[in-house]
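Since the structure comes first, as structure tokens, the remarks are kept for the end.
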Protein chains: 2
Amino acid sequence: MRMMPLLLALALGSICGVTHAQEVRRETVIPAAALDTATQLRQTALASDLGYRITESLTTEIGPRLAGSEADARAVAWAKAKFEQLGYDKVWTEPVTFPKWERRSESAHVLGANAQPLVLTALGGSPGGTVEAEVVRFADLAALEAVAAGSLAGRIAFIDQKMERARDGSGYGASSRVRSRGPSAAIRAGAAGYLMRSAGTDSHRMPHTGITRFDDGLTPVPSAALSVPDADQLTRLLALGHPIRVRMALDCGWNGEATSYNVIGEMTGSTLPDEVVLIGGHLDSWDAGTGAIDDAAGVGLTMAAGKLIGDLPTRPARTIRVVAFANEEQGLHGGIAYAKAHADRIRQHQIAAESDFGAGRIYGFDTSAPEHAKAAAAQIAQALAPLGIAYTPGEGSPGPDISPFARDGVAWANLRQDGTDYFDLHHTPDDTFDKIDPEALAQNVAAYAVFAYLAAAAEGDFGRAAGGKD
Amino acid sequence: MRMMPLLLALALGSICGVTHAQEVRRETVIPAAALDTATQLRQTALASDLGYRITESLTTEIGPRLAGSEADARAVAWAKAKFEQLGYDKVWTEPVTFPKWERRSESAHVLGANAQPLVLTALGGSPGGTVEAEVVRFADLAALEAVAAGSLAGRIAFIDQKMERARDGSGYGASSRVRSRGPSAAIRAGAAGYLMRSAGTDSHRMPHTGITRFDDGLTPVPSAALSVPDADQLTRLLALGHPIRVRMALDCGWNGEATSYNVIGEMTGSTLPDEVVLIGGHLDSWDAGTGAIDDAAGVGLTMAAGKLIGDLPTRPARTIRVVAFANEEQGLHGGIAYAKAHADRIRQHQIAAESDFGAGRIYGFDTSAPEHAKAAAAQIAQALAPLGIAYTPGEGSPGPDISPFARDGVAWANLRQDGTDYFDLHHTPDDTFDKIDPEALAQNVAAYAVFAYLAAAAEGDFGRAAGGKD
């Protein structure tokens, strides 16, 4: 359906002797009436606390919801009920099965003359176990990766790499590699345990968890993140000049499989109901906080945006689909399952955007929409501009759960949130509802509502991203 | 010795027929040469990181040091060794015996449909025990104190009183009463357990502990403080409209007696070595953090101030005595023991000042010194002014461990620190060395050095506070 204009253009191209299909392909445009409606919708959203209240409901009533846990199951029921209460036209779930990881307890102490506790948290995917060993510090991942195999036999490897603060979260790339690749580097060096300075920008006794993985053929060792002040403390202790022995005791690990669900709500389009504009966030969270900025906010603000579009006197042409994805945290399981489940309906999807970078104000807009939809993208950007959002082509990337589908060719949009403070809270006990600014969240709802409405009201398609399959 | 000018004045008064002794009492003044030396001392102190390094040493090498714990004993040995390393002329300890309170573990969970963990910490002095009961919220202490006796039978009383932020920490008065009086009010109402919103101004998952007490004749119940975000969460849960049951499990309690020590170092005065200017902080801390702002900073900055005075080419007339007090946190045990041990030598003490309000910049100076020493106090204030310190007569009060001695009539000085952020960290895991600004700490060292040096170099005494005994 979506590709008909292209086929038509190709046919016309043959007839007319035009060689480049896109030269005659119909430009996607957004009608003036839709732009007027979007202005109203923006005002309505800015004055509404609906996104904030949905986020409050999820974080309060369910709290933390580690994928596969009892609370995760309650969160699925919550999301289904919430879509229904909000009057979504269709609400359903799709199963997502994954290995289940559990955290039961964790503690660490410096032993000997400087005996004192350390605050840490197991990395997701870590095995349990108790290690009592001397700590060897490395300033960064490269330093650990450079040591000889076996040279850390019976020690605990500790990477003290600092994370840089940035509005776009760009410091996370290097620090998340310390988390994902550090444990395997430690094992290759012979270490009996792995400690890292948290991938975080705060200075609180709040360790940052997050998923890690172990390279094939290695025997996993207990792996954990120290809070930033504890990493500083351990570094000062090591500078005293005598060996520092630490006892780390983790009770956690993989425990069979679990099935959770992507929870989906739709506001049916008026004239092209089979074409879908997809927005969403992820429903699961890590277990330490209540997953407020990661990612109840993303679920709450996209649920609210869909509801506000559904409340308009006239629905846009296309369907608005809101997805609360299962188990993003442990490997994009929900996004991968969605892409797989909808593989034969990829062409239904016009464009997709996930909110999964906190609850800060959106400051940039970008999309992978192709050339013939650039004018429409610019129209959307213009409608977002009064929200303080700049059009920043070429700077974005799809949200995590959108990425598997984007790789299959679905166009994505990216509404870039200010993440200056995001990594102060990310994956810590401090990720709680009180950290969310209701005005910033309303700005997010307004941006998603305007974007999704205009994409759903556009005349013409958003095509396929370059390299995508049909 | 210190009272000789007064006795002389009284004698002269009799002879001359003057009825009011102070009318002829000698004005205390600070010689110009001492003021010049103080200027040098101030510069030296501002350029020195000694106070910061001593604070680092205590918080790093010992860490948390709950009164009576093994770490507290290590802290006593550390303080004695540190005084000796710094070249103090005399170093000794004085025993302080007190009931020993221990914390072993603590946890809490909301039960039922909204099952989730809550972050809390037992109040010092709380008994252990597990309570599983419905929570009843009170907006403030007065509301709980107003309920009928027995009306909360089998429930958990929860006081959600917010603390106000203030530079002078004035919001702590009301919130510390919630901690000290709330548990007894809960017991009188029949409650089986007590929860309070932490006496803190932060919004982190950091519960604030602190000592509580139970009125005579009441049977203590498990009593704990929720972190501020957890208090908010519990309040939101209670607003859902159905009963909220919580399981709180505290393993803690009194366990016999312990003996710790006031650790004392002296820089001997040149001409009046038996007269003492006393400065200090307290050596013990709560167990959650490393007691950096409360009160390693106070110990570190006064140890450094004494050392810098000791390093001067010429010692002041009087002795500088630096005291690292034992067990301030659980009831001023060190200060009371000091006052008792030195009761027959009260007159030796010219003036005393304790630093126990963090590591923020000092902005105000005050003293209880009597009328005949006001000119000298003004001279000290003038020497402190270049540090950004205002003379604010009538606004201060003695530090906690000084107060028992001040009640006996020893004059006190108060160097008022900016406590705007103090109650973000106070009695939490977050009270760690990284929170201290080295420049602010150097300003504190400079202020204490200038004050103590000038008081020790003054010609004439600082008399006795009104109502003091001889």
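Side notes on the structure shown:
- Residue satisfying condition, being among the hydrophobic types (A, V, I, L, M, F, W, C), in contact (Cβ under 8 Å) with a residue 12 or more places away in the chain and in contact with a His (Cβ under 7 Å, 6 or more places away or on another chain), within set A:ALA258, A:ALA225: A:ALA225
- In the stretch B:224-233, the residue that is farthest from the other protein chains (Cβ to nearest Cβ) out of those that are over 26 Å from the mean Cα position of the chain (by Cα) and surrounded by 20 or more Cβ atoms within 10 Å (Cβ to Cβ) is B:ALA231.
- Residue that is in contact with an Asp or Glu (Cβ under 6 Å, 6 or more places away or on another chain) and among the hydrophobic types (A, V, I, L, M, F, W, C), where the choices are A:ALA446, A:ALA411, A:ALA375: A:ALA375
- Here B:GLY190 meets the list (1) within 14 Å of another protein chain (Cβ to nearest Cβ); (2) at positive phi almost entirely, failing just condition (1).
- Scanning the stretch B:202-212 for residues that are under 16 Å from B:ILE159 (Cβ atoms) and away from every other protein chain (no Cβ under 14 Å) yields a count of 2.
- Candidate set from the stretch B:234-280 (those that are in a loop (DSSP other than H, G, I, E, B) and either within 14 Å of chain A (Cβ to nearest Cβ) or over 29 Å from the mean Cα position of the chain (by Cα) (or both)); member that is surrounded by the fewest Cβ atoms within 10 Å (Cβ to Cβ): B:GLY241
- Pairs meeting the criteria (first residue in the stretch A:335-357 and over 22 Å from A:ALA449 (Cβ atoms), second residue in a helix (DSSP H, G or I), beta carbons under 6 Å, at least 6 apart or on different chains) are A:GLY335/A:PRO404; A:ILE336/A:PRO404; A:ALA339/A:PRO404; A:ALA339/A:PHE405.
- Any chance A:ALA369 is small (Gly, Ala, Ser), surrounded by fewer than 23 Cβ atoms within 10 Å (Cβ to Cβ) and over 17 Å from the mean Cα position of the chain (by Cα): no
- Any hit, the stretch A:454-466, residues being within 14 Å of chain B (Cβ to nearest Cβ) and either hydrophobic (A, V, I, L, M, F, W, C) or not in a helix (DSSP H, G or I) (or both): no
- So B:PRO31, is it at pLDDT 95 or above and surrounded by 15 or more Cβ atoms within 10 Å (Cβ to Cβ): no
- Hits in the stretch A:309-320 (condition: surrounded by fewer than 24 Cβ atoms within 10 Å (Cβ to Cβ) and not hydroxyl-bearing (Ser, Thr, Tyr)): A:GLY310, A:ASP311, A:LEU312, A:PRO313, A:ARG315, A:ALA317
- The lone exception for A:ALA199 - which of (1) within 13 Å of chain B (Cβ to nearest Cβ); (2) within 30 Å of B:SER57 (Cβ to Cβ) it fails: (1)
- Of the strands (runs of 3 or more DSSP E) that lie entirely inside the stretch B:40-134, those containing 1 or more residues that are more than 14 Å from every other protein chain (Cβ to nearest Cβ) and of a type in the set (D, E, K, R) span B:90-110.
- The single condition from (1) crowded, with 24+ Cβ neighbours inside 10 Å; (2) hydroxyl-bearing (Ser, Thr, Tyr); (3) farther than 21 Å from B:VAL131 by Cβ that B:TYR194 fails is (3).
- Count - residues of the stretch A:303-324 that are over 18 Å from A:GLY281 (Cα atoms) and not hydrophobic (A, V, I, L, M, F, W, C): 7
- The set of residues from the stretch B:135-146 being assigned to a helix (DSSP H, G or I) and in contact (Cβ under 8 Å) with a residue 40 or more places away in the chain comprises B:LEU141, B:LEU144, B:GLU145.
- Condition check for B:ALA297: crowded, with 24+ Cβ neighbours inside 10 Å and outside any loop (DSSP other than H, G, I, E, B): yes
- Qualifying position, being surrounded by fewer than 19 Cβ atoms within 10 Å (Cβ to Cβ), within 14 Å of chain B (Cβ to nearest Cβ) and more than 20 Å from A:GLY335 (Cα to Cα), among A:ASP431, A:ASP437, A:ASP424: A:ASP437
- Yes/no for A:SER180 being within 15 Å of A:HIS208 (Cα to Cα) and buried (at least 22 other Cβ atoms within 10 Å of the Cβ): no
- Boolean, B:ALA292 is hydrophobic (A, V, I, L, M, F, W, C), surrounded by fewer than 23 Cβ atoms within 10 Å (Cβ to Cβ) and within 14 Å of another protein chain (Cβ to nearest Cβ): no
- Every condition in (1) outside any strand (DSSP E or B); (2) of a type in the set (D, E, K, R); (3) in contact with a helix residue (DSSP H, G or I) (Cβ under 7 Å, 6 or more places away or on another chain) holds for A:ASP230 except the one numbered (3).
- Test for B:ALA45: is it under 22 Å from B:ALA449 (Cβ atoms) and in the same structural domain as B:ASP437 (by TED's automatic domain parsing): yes
The values are calculated or read from the model by the stated rules, or taken from the named source; none is laboratory data. All values reported here derive from a predicted model rather than from experimental measurement. Counting neighbours? That spans all protein chains shown, and the Cβs are built from the backbone with ideal geometry, glycine included.
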